[in-house]
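To keep things clear, I will list the structure first and then write my remarks on it.
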Amino acid sequence: GAVVSQHPSWVICKSGTSVKIECRSLDFQATTMFWYRQFPKQSLMLMATSNEGSKATYEQGVEKDKFLINHASLTLSTLTVTSAHPEDSSFYICSAMAVRSSYEQFFGPGTRLTVL
Amino acid sequence: GENVEQHPSTLSVQEGDSAVIKCTYSDSASNYFPWYKQELGKRPQLIIDIRSNVGEKKDQRIAVTLNKTAKHFSLHITETQPEDSAVYFCAAEPTGGYNKLIFGAGTRLAVHP
């Protein structure tokens with residue numbers, strides 16, 4: 001149980017295009033999902049907190065118009081990187097927290113984004 | 001906001017030895033402290049966590065201690081095995097809602113046979 005998937009697992013796009021990444025909780029409902037960015041051999045940097053049915057809460061320094069987050073259902077959150085540039089190339093990883101009383105975050109496998 | 005510092009950044013031990021990783025946090029109101037293990041190319045997975053009303057928690061070879069006064073917590077792995085080799089992240093949940101976590105920089109643990 002508590003499986004989180006991400007799609008796509010990797011994507012290559014041209015500079016200026018937009019890319020959408022999906023995060024799904026497969027066997028549980030998640031009221032809250034989180035989006036992180038992880039650079040090679042570095043930590044998980046929290047980008048935003050996504051709550052079902054409400055606007056995402058972004059961390060300081062993260063551009064909300066650049067990284068659009070939508071949490072339309074209890075099992076799906078999407079991150080759209082708009083007008084992507086090479087500096088947006090990174091590993092994006094999501095996590096989901098179950099509706100039941102638990103603090104544990106279950107992580108997805110991540111999405112490797114490369115912007116040419 | 002919350003700041004979590006983690007040390008050391010790399011740790012190399014011989015199989016069977018113990019490993020200790022330490023973290024400090026800045027938000028004195030934080031009350032949840034998990035540890036995640038991330039193997040190469042894989043997703044982070046929770047290995048143990050502790051809440052502020054407890055000073056120590058143990059699960060087989062893994063233990064976590066918490067000192068709220070000093071605002072630091074530590075991960076202890078005993079009788080290390082090669083499969084313990086991974087990156088370990090500590091995290092703290094700051095006040096403010098939504099159960100978000102702020103992660104430390106990570107410790108790359110290498111256990112040599």
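The values are calculated or read from the model by the stated rules, or taken from the named source; none is laboratory data. In this text the structure is predicted, and so the values were computed from the model without any measurement. Glycine gets a Cβ as well: all are built from the backbone with ideal geometry, and neighbour counts include every protein chain shown.
Of the candidates B:Ala70, B:Ala19, B:Ala63, the single residue that is surrounded by fewer than 12 Cβ atoms within 10 Å (Cβ to Cβ) and either touching a strand residue (DSSP E or B) at 6+ places or on another chain (Cβ under 9 Å) or of a type outside the set (Lys, Arg) (or both) is B:Ala70. Among the strands (runs of 3 or more DSSP E) lying completely within the stretch B:14-113, list those that include at least 1 residues that are within 11 Å of chain A (Cβ to nearest Cβ) and either within 23 Å of A:Tyr36 (Cα to Cα) or free of Cβ contacts under 8 Å to residues at least 60 places away in the same chain (or both). Filter on the stretch B:14-113 gives B:32-38, B:45-51, B:86-92, B:107-112. Of the residues that sit in the stretch A:51-72 and are of a type in the set (Asp, Glu) and modelled with pLDDT of 90 or more, which one is nearest to A:Ser95 (Cα to Cα)? The selected residue is A:Glu59. Across the stretch A:81-116, the qualifying residues are those that are at pLDDT 95 or above and among the β-branched types (Val, Ile, Thr), and the one among them that is surrounded by the most Cβ atoms within 10 Å (Cβ to Cβ) is A:Ile93. Residues that are more than 16 Å from A:Tyr92 (Cα to Cα) and aliphatic (A, V, I, L, M) do not occur anywhere in the stretch A:43-50.
State yes or no: is A:Leu46 in contact with a Phe, Trp or Tyr (Cβ under 7 Å, 6 or more places away or on another chain) and away from every other protein chain (no Cβ under 14 Å)?
Working: in contact with a Phe, Trp or Tyr (Cβ under 7 Å, 6 or more places away or on another chain): yes; away from every other protein chain (no Cβ under 14 Å): no.
No: the conditions fail for A:Leu46.
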